[in-house]
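To start, the structure itself, in structure tokens.
Bear in mind these aren't lab numbers, they're just calculated from the coordinates by the rules spelled out. A quick note: this is a predicted structure, and the numbers were derived from the prediction, not measured. Reconstructed Cβ throughout: ideal geometry from the backbone, glycine too, with neighbour counts over all protein chains shown.
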Amino acid sequence: MKVNGYAAIEPRAKLTPYSYELGAIGAEQVDIKVSYCGLCHSDISMIKNDWGMTTYPFVPGHEIIGEVVATGDAVKNVKVGDKVGLGWMSSSCMSCEQCMSGHHHLCAKGEGTIVGRNGGFADYVRGHWSWAIPLPKDIDLSKAGPLLCGGITVFNPIILAGVKPTDTVGVIGIGGLGHMAIKFLKHWGCEVIAFSSNPNKKKEILKMGASQVINSTAPEELESITGKLNFILNTTNVSLDWNSYLTALAPKGKFHTVGAVLEPMAIPAFSLMLGEKTVGGSPIGSPALTKTMLDFCARHNIYPEVEEFPMAKVNEAIEHLENGKARFRIVLKNQ
Ligand SMILES: [Zn+2]
Ligand SMILES: [Zn+2]
């Protein structure tokens, strides 16, 4: 089968139409006809080869919503005609300790949808059946794409940290990831405090469910919540004054990052020891938890705020995101 998509030919190149032959389907693989695909910051990092693992021509796209159109002989759980989502990962070994204990996203042999293979900025994409997540019946397909990468990235920490509905929590950085975190935590039952450096977003952030927006560039505002937060989720990838956030944690509080801060994070040991605080991080989440998250979203009508672009205008969409104009997540639609 011939696949038509958009690829970067070299690092930082604009995407151009690109076709490739998919080849015979593997026994455990499914082919998905792509209806929508979210545009994630990771796609841009990969186009630029920021992480040194991009192969060219490079077809980005790992927040895929579509329909199963072909299945290998040994496929389980999904069938032709099913609506599914495919996120950052497209395959895992299904036999290592992590896979066997349900943590497929931690599989050392796991395969990324856009790492060494072609992603979802195309009419078709292929993946292992275990990562083709069946979608709830009533979910809004046009908005669900970003849940498959960005959504599960901020949902998993809520489970990992054991966040309780009675907790007061903080979210740092209210962009593509952070705004989804606010919605999840609000529906979880928490009181949510947002940290943002952009005062123009305040009204929107309160509408998403935050009870308070703290200007993260004003130290006195941070001081006003000293010792109050049970959990803080960092979604930014820039170096901040981490200690001031640790000070905002209540005893036994947890600071969790999903923002890929490239510099080492300076964490004073005393800030952790005295209040029995912990610092952690995580990547996406397992297929089972992704399914749970999608059900939670359908039940509570939780969706990212999306701006839709036709797939053919992918370069405009990328520019929009790179210029910091996205409110708050971009979805590409196949015609
Ligand atoms: Zn992503
Ligand atoms: Zn494995």
Original post:
What FRET efficiency do you get for Asn323 and His187 if R0 is 35 Å and r is their Cβ-Cβ distance, rounded to the nearest 0.05?
Top reply: 0.70
**OP:** Run the dipole for the chain about the Cα centre, Lys and Arg Cβ at +1, Asp and Glu Cβ at -1, nothing else charged, and hand back the magnitude in debye, nearest 20.
**Re:** 480 debye
Original post:
Can you give me the relative contact order of the range 37-183 as a percent, contacts being Cα pairs under 8 Å and 6 or more apart?
Top reply: 26 percent
Original post:
Under the rule of -39500 (n - 2.57) per DSSP H run of 4 or more residues, summed and divided by the residues of the chain, what mean residue ellipticity at 222 nm is obtained, to the nearest 500 deg cm²/dmol?
Top reply: -7000 deg cm²/dmol
**OP:** Could you sort out which of Lys83/Lys203; Lys33/Lys291; Lys79/Lys109 sit more than 30 Å apart by Cα distance in this structure?
**Re:** Lys83/Lys203
Subject >> Geometric extent, Cα atoms of the range 195-335 - Rg, Dmax (angstrom) >> reply: 17.8, 57
Original post:
Where does the Debye-calculated log10 I(q)/I(0) of the range 220-291 sit at q = 0.12, 0.16, 0.23 Å⁻¹, using only Cα point scatterers of equal weight, no solvent?
Top reply: -0.35, -0.59, -1.04
**OP:** Run the numbers on the range 176-335 and let me know its relative contact order in percent, using alpha-carbon pairs under 8 Å that are six or more apart.
**Re:** 17 percent
Original post:
What is the ratio of the Cα radius of gyration of the chain to 2.2 N^0.38 Å, where N is its residue count, to two decimals?
Top reply: 0.99
**OP:** Apply 1/(1 + (r/R0)^6) to the Cβ-Cβ distance of Lys137 and Glu308, taking R0 = 25 Å, and write down the FRET efficiency to the nearest 0.05.
**Re:** 0.70
**OP:** Multiply the residue separation of Ile44 and Ala260 by 0.36 nm, subtract the distance between their alpha-carbon atoms, and state the gained length in nm to one decimal.
**Re:** 76.4 nm
Subject >> Size of electric dipole in the range 1-128: Cβ of Lys, Arg +1 and of Asp, Glu -1, about Cα centre, debye, nearest 20 >> reply: 160 debye
**OP:** For a quick protection proxy, order the peptides 29-36, 237-244, 225-232 by their average other-Cβ count within 10 Å, most packed first.
**Re:** 29-36, 225-232, 237-244
**OP:** Would you list the membrane-span-like helices of the chain, meaning whole DSSP H runs whose alpha-carbon atoms span at least 15 Å along their axis and whose mean Kyte-Doolittle value is at least 1.0?
**Re:** 150-160
Original post:
How would you order 261-274, 199-212, 74-87, 171-184 from highest to lowest mean count of nearby Cβ atoms within 10 Å?
Top reply: 171-184, 74-87, 199-212, 261-274
**OP:** Please identify which residues in the range 106-146 have an amide N closer than 12 Å to a label point set 7 Å out from the Cα of Asn4, following the Cα→Cβ vector.
**Re:** 122-124
Original post:
Among Gly151, Cys96, Val279, which residue has its Cα positioned farthest towards the positive end of the charge dipole of the chain, with +1 placed on the Cβ of Lys and Arg, -1 on the Cβ of Asp and Glu, and the dipole taken about the Cα centre?
Top reply: Gly151
Original post:
Taking only C-alpha pairs under 8 Å that are 6+ residues apart, what is the relative contact order of the range 86-150 in percent?
Top reply: 39 percent
**OP:** Please give the residues of the range 170-201, grouped as numeric ranges, whose backbone N is less than 15 Å from a label point set 7 Å along the Cα-to-Cβ vector of His300.
**Re:** 170-171, 178-193
Original post:
For the range 112-120, in order, what is each residue's ³J(HN,Hα) by Karplus, 6.51 cos²θ - 1.76 cosθ + 1.60 with θ = phi - 60°, in whole Hz (x at glycine and Pro)?
Top reply: x, 4, 10, 10, x, 7, 9, x, x
**OP:** Sequence neighbours fewer than 8 away in the same chain don't count; with that in mind, list the aspartates and glutamates whose C-alpha is under 18 Å from Lys325.
**Re:** Asp43, Glu204, Glu305, Glu307, Glu308, Glu316
Subject >> Span from the the range 261-300 Cα centroid across to the the range 22-73 one, whole angstrom >> reply: 25 Å
Subject >> Cα gyration tensor category, rounded, prolate or oblate, for the range 149-231 with a/c compared to 1.5 >> reply: oblate
